[in-house]
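Novice: I have a structure here, written as structure tokens, and I will follow up with some questions on it.
Just so it is clear, none of the values below were taken in a lab; they were calculated from the coordinates. As the structure is a prediction and not an experimental result, all values here were calculated from the model. Note that we place each Cβ from the backbone using ideal geometry, even for glycine, and neighbour counts take in every protein chain shown.
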Amino acid sequence: MSTQYVKAVLFDLDGTLIDTAADFIRIIRRMSEQNNWQTPPNEAIREQVSAGASAMVGLMLKYNNQPLSEDLIQQYRQQFLAEYEADICVDSTLFDGLEPLLRHYEENDIPWGIVTNKPRHLSFKLLDKLSLNERCSVLVCPDDVSTTKPDPEPLYLALEKLELPRGIANSVIYVGDHIRDVQAGAAAGMTTILASYGYIPPEDQQNLDTWGADYVVDTPQQLVKLLKSKRFDYL
């Protein structure tokens, strides 16, 4: 790809910008212990993070041979979300190397933001705990749109809030760790980067080249190197 002038950089949240898995693992472990159940392996929980609370709760139930009824999943999902909100950021951190990258954007007047399927009240609390709310130029959550990713609507809203026309969307980068992120970014006309270091199950890891991302990075360090490379002209 040719060099381009980057107008903004947008990130998915869990598994892309912030490593939140440890907090989810802690809550699933606590809930399992409360029921005298076995806790699923940490890696198995981590792989379900991007699929959401229902998937993590469903994993816990399935691992302990419990019925996967909708009522039971919703019951434990509500408990899971309540415990997460009350204790939202004990072990969550920015992925290694991304703090200097965010400072780099800020020093060069390049807005960065977040487009996530995480509810706004939880996203806001998490960012507040990490002192990122005031630094983030735009935050788009499911509460803000009628259709979530993989629909491009959330990314179009981010452009609108940044006062960037859709016609220059290819100069905006969207980074995510799920196929819906790649699909949404591509549908919005943005340059897409797949963070394969995120919360991707093993069965999907074999098919990443079919997702259609413009770039794929295997580590946060590779992401930083790519975004600071000559491929993207910040001047």
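Novice: Can you sort H104, H178, H121 from fewest to most other Cβ atoms within 10 Å of each residue's own Cβ?
Specialist: Working: H104 15, H178 25, H121 12.
In increasing order of surrounding Cβ atoms, one gets H121, H104, H178.
Novice: Please report, in cubic angstrom per residue, the volume enclosed by the convex hull of the alpha-carbon atoms of the chain.
Specialist: Details: hull volume 28.3 nm³, N = 235.
Taking the convex hull of the Cα positions in the chain, it is 121 Å³ per residue.
Novice: Angle between the Cα long axis of helix 21-34 and the longest principal axis of the chain, 0 to 90 degrees, nearest 10?
Specialist: Its long axis makes an angle of about 10 degrees.
Novice: Please identify the chymotrypsin sites (Phe, Trp or Tyr not before Pro) of the range 139-235 that satisfy two criteria: DSSP loop assignment and at most 15 other Cβ atoms within 10 Å. Which are they?
Specialist: On the way: sites: Y156, Y174, Y197, Y199, W211, Y215, F232, Y234; in loops: Y197, Y199, W211, Y234.
Those satisfying the criteria are Y234.
Novice: Pop out the ³J(HN,Hα) list for the range 151-164 in order, Karplus 6.51 cos²θ - 1.76 cosθ + 1.60 with θ = phi - 60°, rounded to Hz; leave Gly and Pro as x.
Specialist: With the stated coefficients, the range 151-164 comes to 5, x, 3, x, 6, 4, 5, 4, 4, 4, 5, 7, 6, 10 Hz.
Novice: If you don't mind, there's one more thing I want to ask. Taking Rh as the Kirkwood radius, which is the inverse of the mean 1/r over Cα pairs, what is the Rg/Rh value for the range 172-235? Display every interim value, and only then the final one.
Specialist: On the way: Rg = 11.6 Å, Rh = 12.0 Å.
Here the Rg-to-Rh quotient is 0.97.
Novice: Another question, then. With a point put 7 Å past each Cα toward its Cβ, work out how far D96 is from D128 in nm, to one decimal.
Specialist: Result: 3.1 nm between the two label points.
Novice: Given charges of +1 on the Cβ of Lys and Arg and -1 on the Cβ of Asp and Glu, with all other atoms neutral, how large is the dipole of the range 141-235 about its Cα centre, in debye to the nearest 20? Before the final figure, lay out the partial values.
Specialist: Working: 8 positive and 14 negative charges, 90 e Å.
For the range 141-235, the charge dipole is close to 440 debye.
Novice: Same structure again: For I114, list long-range residues whose amide hydrogen, built 1.01 Å from N in the peptide plane, is under 5 Å from its own amide hydrogen.
Specialist: It is F11, V138, L139, V140, by chain and number.
Novice: Which of the GluC sites (Glu not before Pro) across the range 95-182 are loop residues per DSSP, with 14 or fewer other Cβ within 10 Å? Let's see the in-between values first.
Specialist: Details: sites: E106, E107, E134, E160, E163; in loops: E134, E163.
When the GluC sites (Glu not before Pro) of the range 95-182 are filtered for loop state and at most 14 Cβ neighbours within 10 Å, E134, E163 remain.
Novice: In nm, to one decimal, how far is the V216 label point from the K62 one, both placed 7 Å along Cα→Cβ?
Specialist: Here the answer is 2.3 nm between the modelled labels.
Novice: As a test of understanding, state the convex hull volume per residue of the range 21-86 from its alpha carbons, in Å³. Spell out each step's value before the answer.
Specialist: Values: hull volume 4.7 nm³, N = 66.
Hull volume normalised by residue count: 72 Å³.
Novice: Got a sec to turn the phi values of the range 192-207 into Karplus ³J(HN,Hα) couplings, 6.51 cos²θ - 1.76 cosθ + 1.60 with θ = phi - 60°, whole Hz, x for Gly and Pro?
Specialist: Taking θ as phi minus 60°, the curve returns 10, 10, 8, 8, 6, 7, x, 8, 10, x, x, 5, 7, 4, 6, 10 Hz for the range 192-207.
Novice: OK, next. Report, to the nearest 10°, how far helix 70-86 tilts away from the longest principal axis of the Cα atoms in the chain, using its own Cα long axis and a range of 0 to 90°.
Specialist: The two axes meet at around 60 degrees.
Novice: On to the next question. List the residues whose amide H sits under 5 Å from the amide H of A8, counting only those 5 or more places along or on another chain, with H placed 1.01 Å from N in the peptide plane.
Specialist: Those lying under 5 Å, H to H, from A8 are I173.
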